[in-house]
Amino acid sequence: MNLGVIVLAHTALQRAEQAIRHWADAGCPVVVHVDRKVDQNEYSAFVDALSDLDRVKFTRRYRCDWGGWELVAATQNAATELLDTHSELRHIYLASGACLPLRPVSELCTYLDARPETDFIESSTTEDVPWTVGGLDEERFTLRFPFSWRRHRRIFDLYVKLQQLIGFKRRIPTGVVPHMGSQWWCLTRRTLNAILTDPKRPIYDRYFRKVWIPDESYFQTMARLHSTKIESRSLTLSKFDFQGKPHVFYNDHKALLRRSACFVARKIWPRADELYDTFPLPYDKPDDHVTPNPSSVDRVFANAVDRRTLGRPGLYMQSRFPTVDRENAVTAGPYSVLQGFAEVFDDFEGWLTKATGGGDVHGHLFAPDRAHFTDDSPVYVGGMSDHPTLRDYNAKMFLTNLIWNNRAKHQAFQFGPMDTQTINWMVAKDTNARISVVSGAWIISLFLAREEFSDVRKEAARLQQIEHKQLKILRSPFTKARVRVMTLAEFVRSPMETLQIIVDEVSEQPHPRLAEAPSMVKLDGLGAFLQDLRNQGMHPFLTGEFAEDTDTGTSLQTQQKPYLVR
Amino acid sequence: MFRCLRKRRQLHAVQNRTAAIRKGSILGFSCVRNEVIRLPYFMQHYRDLGVDHFLFVDNGSDDGTADYLAEQPDVSLWRTDDSYRLSRFGMDWLGWLQMKYGHGHWCLTVDADELLIYPQHDTRKLPDLTSWLDNQGRQSFGALMIELYPREPVGQTTYQPGTDPVAALPFFDPDGYRSTWHAIFRNLWIQGGVRDRVFFGPDPTRAPTLNKTPLIKWDRRHAYVSSTHQVLPRHLHDVFGTPQYDRMSGVLLHTKFLDIVVEKSKEEQIRQQHFENSAVYAEYHKALTKSPDLWYAGSNQYEGWRQLVDLGLMSKGTWG
């Protein structure tokens, strides 16, 4: 057996036992760590229950607090034990008691056998990730956190404030580039061994002991130092809400989990009997080659976020603040802001003009070089100049004027994170605006340009930040515009429905079903490109999940060092 | 709270099975009067959801309610013949029981004509919900009350005890809810719905309040103020979403307008025991005895929790 498993358990031990049995039955040696907070009788009963399995060993118990160092220490300890006693292991999987294998463990082994050198660990630099609890991202690594966040929240906050006030900063050990990511990884023996036997480990350990939530950063950072081949994603499916708490899977998620084709999922609700009865699926036909596809799960959980922002205004949830700026339409008539479509399709403007047979469809009006009017002329109706400086001097007036001057026709223009962003608030608050965004579509031009990878990475991070900021505005409670946001992955999967809506909007009347679709840019290899970005520590979260197709051979892998935090 | 202590002497135990309450049991509290028709389905609904033990106060029923409840294996029953209104509509009586038995438990406080639903309630039971709330650090769970009514004028179809009352009352108002901020109790005050539309047009501030906080992790220091609309300490009814921050919430399906409401309203007219201002309610009860038609073209037929989530009447919050 090539695969060994570390299981960290602290609650619902009966379910943990079930999960451990799945691992052990498949022939994997398992080392179990049980939190010291579990009471002694319960612990003994748990050990007894598993005493029939000689592949299962229990390790020294640490008392683990959320966000504390002990969890890492426990993992290190368990990993050392596993590596020392089983020389045959090639991959080590870190799982929890609330993890459940969804597919047969043997399929996971086959999958890993085909990738003997690869470390699966989600690992991104702080500037690239959107998930930050309590507003602390980079500061996790530069402040001290001696107080428990759960138990002494006030002192925790106070101490952080104090350090910020006096400008305290810890020195990060040389050579260490902080990375963060999912706690659940699968590392090769080579990498794990290198981490555990690194002569500088005492220095690193001393440093990480005071980092906040080291279980999400210690191995993620260390792997960057020692690994030769990182796949920056977790093989364990786990989703987090905006407070950083893990989503729990219930019985009604059964079909969803099955579709995801992921190997392992967490957290499973201990009382979800149906899930525990169903998974892991029995090994029936050889579908080992099916790669995990967490995108469907992503969609369901992302929808929960969107629903509140796209709900109808005027319902009880909106009316809590009667002082909301009730400035209604500031423009003369309805107009459309289209973001990302011109990137996905060849000559989208031309197609839309033809399809609507009416409205003015402009290019990127707010592009950095000049305003691209529909007929590409330097001066448009009403004496509007295409000069960028003149336009940006008062971009809001530029837009209101354009719409006023052409109020007989519906105006539509392309927009994107590379354009002037000063109009965002005005457009968002304007009831006349119809905003459609394919988020992350800017990646396509970067993908097609095939420039130096480090430049691409930098530019992608910049555009993503701009677009993320814009989407935050569109999701704010003050937004009155009609807003439609989908990720690139979602849009590409079924573009026609959205296009139909846009055509109806621009021509201001319902149309018969669209006969002709615009031609889409070739996107083969985009999934691999995105995974490459991820492997370099940049997390393109706005594009949505593309099915992993790294095996298609279009890899752009370069040996660039990850971009530094500082 | 002192009221609860004082009024406890008005309660007489009929059937006390509270010894069956275990650590972590979910408790149901209700004060009833002549509800033998609604109770069979009520019990079924909440047993399905995972309520472990019910504590009822019977306020002078004469239709067999007490006998029915005393027979149920998971019910403890108290009886009182004192005034419902002077006991703040039963809250003083229930408050005493909650203080004594509810401490440390998730307590559900509902009327016999209220059916609690929440997102995923068909597949996730109350223990699933409360454990998630615990995990989120929340001590209370809010619900919007939605009135159900029939297609025909009220009182024309006969309801069979034990059947789903939603089948007899399939319609509700999908919009027309308004909310204001209650300055004293710091909760969201939601009014509207069908009663507002039909009965309280001339005097909307008197319309029934629709926000409730029926599910609370009880502490002996807690107390409901006015039915389950308001509760102290005040942070407990901080349960609804804000524009920036979506909170998961549920809905109480209000099955008041079954055919029996006509009879009951006649009785109410005589008893005059209802909320804050009995004079206003007298008009309302009078109107109810005349079999009003509550349905209108904008009514929606109830389809299930997903529909209510899509309408924005309850929210999945972050419970994915």
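The values are calculated or read from the model by the stated rules, or taken from the named source; none is laboratory data. All of these numbers come straight from a predicted model, not from anything done at the bench. Every residue, glycine as well, gets a Cβ built from its backbone with ideal geometry; the counts of neighbours run over all protein chains shown. These accessible areas exclude ligands, DNA and RNA; they are computed on the full protein's heavy atoms, side chains included. Shrake-Rupley method; radii C 1.70, N 1.55, O 1.52, S 1.80 Å.
A compact table of results
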read-out	value
Qualifying position, being part of a helix (DSSP H, G or I) and open to solvent by less than 50 Å² (accessible area, probe 1.4 Å), among B:Tyr84, B:Tyr101, B:Tyr159	B:Tyr101
Selection within the range B:117-130 - within 12 Å of chain A (Cβ to nearest Cβ), open to solvent by less than 40 Å² (accessible area, probe 1.4 Å) and either assigned to a helix (DSSP H, G or I) or touching a Gly at 6+ places or on another chain (Cβ under 7 Å) (or both)	B:Leu126, B:Pro127, B:Asp128, B:Leu129, B:Thr130
Top-ranked residue of the range B:131-148 - restricted to ones that are touching a helix residue (DSSP H, G or I) at 6+ places or on another chain (Cβ under 7 Å) and part of a loop (DSSP other than H, G, I, E, B), ranked as most open to solvent (accessible area, probe 1.4 Å)	B:Gln139
Candidates A:Arg140, A:Arg60, filtered to the one that is at pLDDT below 95, farther than 19 Å from A:Thr188 by Cβ and open to solvent by less than 10 Å² (accessible area, probe 1.4 Å)	A:Arg140
Failed item, numbered, when B:Phe89 is tested on (1) open to solvent by less than 40 Å² (accessible area, probe 1.4 Å); (2) on the phi < 0 side of the Ramachandran plot	(2)
Residues being in a helix (DSSP H, G or I) and touching a residue at least 60 places away in the same chain (Cβ under 8 Å) - total across the range A:500-521	6
Residue within the range B:172-185 that is buried (at least 16 other Cβ atoms within 10 Å of the Cβ), of a type in the set (Lys, Arg) and at pLDDT 65 or above present	no
Residue under evaluation A:Met418, criteria (1) touching a Pro at 6+ places or on another chain (Cβ under 7 Å); (2) within 24 Å of A:Arg493 (Cα to Cα), criterion not met	(2)
Flag if A:Arg150 is modelled with pLDDT of 75 or more and over 30 Å from A:Asn2 (Cβ atoms)	no
Residue satisfying condition, being in contact with a Phe, Trp or Tyr (Cβ under 9 Å, 6 or more places away or on another chain), open to solvent by 20 Å² or more (accessible area, probe 1.4 Å) and under 15 Å from A:Leu94 (Cα atoms), within set A:Arg271, A:Arg266, A:Arg189, A:Arg209	A:Arg266
Qualifying residues in the range A:243-263 (those that are more than 7 Å from chain B (Cβ to nearest Cβ), outside any loop (DSSP other than H, G, I, E, B) and open to solvent by 20 Å² or more (accessible area, probe 1.4 Å)) - the one farthest from A:Val290 (Cα to Cα)	A:Pro246
When residues of the range A:161-186 are limited to those that are aromatic (Phe, Trp, Tyr) and closer than 30 Å to A:Glu88 by Cβ, the one surrounded by the most Cβ atoms within 10 Å (Cβ to Cβ)	A:Trp185
Breaking point among (1) touching a helix residue (DSSP H, G or I) at 6+ places or on another chain (Cβ under 7 Å); (2) farther than 28 Å from A:Lys429 by Cα, for A:Ser507	(2)
Tally, over the range B:134-159, of residues that are away from chain A (no Cβ under 14 Å) and among the aliphatic types (A, V, I, L, M)	2
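For (1) more than 14 Å from every other protein chain (Cβ to nearest Cβ); (2) at pLDDT 90 or above, each residue gets a yes or a no:
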| site | (1), (2) |
| --- | --- |
| A:Asn193 | yes, yes |
| A:Pro199 | yes, yes |
| A:Lys210 | yes, no |
| A:Glu216 | yes, no |
| A:Ala223 | yes, yes |
| A:Lys239 | no, no |
| A:Asp277 | yes, yes |
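Residues checked against (1) in contact with a strand residue (DSSP E or B) (Cβ under 6 Å, 6 or more places away or on another chain); (2) in a helix (DSSP H, G or I); (3) surrounded by 19 or more Cβ atoms within 10 Å (Cβ to Cβ):
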{"position": "A:Asp392", "(1), (2), (3)": "no, yes, no"}
{"position": "A:Ile403", "(1), (2), (3)": "yes, yes, yes"}
{"position": "A:Met418", "(1), (2), (3)": "no, no, no"}
{"position": "A:Lys469", "(1), (2), (3)": "no, yes, no"}
{"position": "A:Ser476", "(1), (2), (3)": "no, no, no"}
